[in-house]
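Structure first, then comments.
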Amino acid sequence: MNTKARLIASIKIWVVIYPSITLFLYLFGKPLAVLPLYQRTLFLTIALVPWIMFIGVPLVDFVIRLITFKKENK
């Protein structure tokens, strides 16, 4: 994988991670605050890693393909 492809992949992952973590902490931050840090991190990763890998990033890829397809067919 070349540098440009890695940069694009990193940006796509960030576009999914940032809002996902923000929403997760907004919804569950207070209830999880009573737990030790390692347990909060465990719950956060159990919930978000599958979301990011199986739904979030594929959704971003789909949107990018739609935008690219529309631009190519103009």
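The number of residues in the range 28-74 being assigned to a helix (DSSP H, G or I), farther than 22 Å from Ala9 by Cα and either in contact with a helix residue (DSSP H, G or I) (Cβ under 6 Å, 6 or more places away or on another chain) or not aliphatic (A, V, I, L, M) (or both) comes to 10. Evaluating Val60 against the criteria (1) exposed (fewer than 13 other Cβ atoms within 10 Å of the Cβ); (2) among the β-branched types (Val, Ile, Thr); (3) under 11 Å from the mean Cα position of the chain (by Cα) leaves one unmet condition, (1). Exactly one residue among Leu66, Leu35 is modelled with pLDDT under 95, over 18 Å from the mean Cα position of the chain (by Cα) and either at positive phi or hydrophobic (A, V, I, L, M, F, W, C) (or both), and that residue is Leu66. With respect to being part of a helix (DSSP H, G or I), modelled with pLDDT under 95, basic (Lys, Arg) and surrounded by 10 or more Cβ atoms within 10 Å (Cβ to Cβ), Arg6 fits the description.
The values are calculated or read from the model by the stated rules, or taken from the named source; none is laboratory data. The model shown is predicted, which means the values in this text are computed figures rather than measured ones. Positions of Cβ are generated from backbone atoms using ideal geometry, with glycine treated the same way; all protein chains shown enter the neighbour counts.
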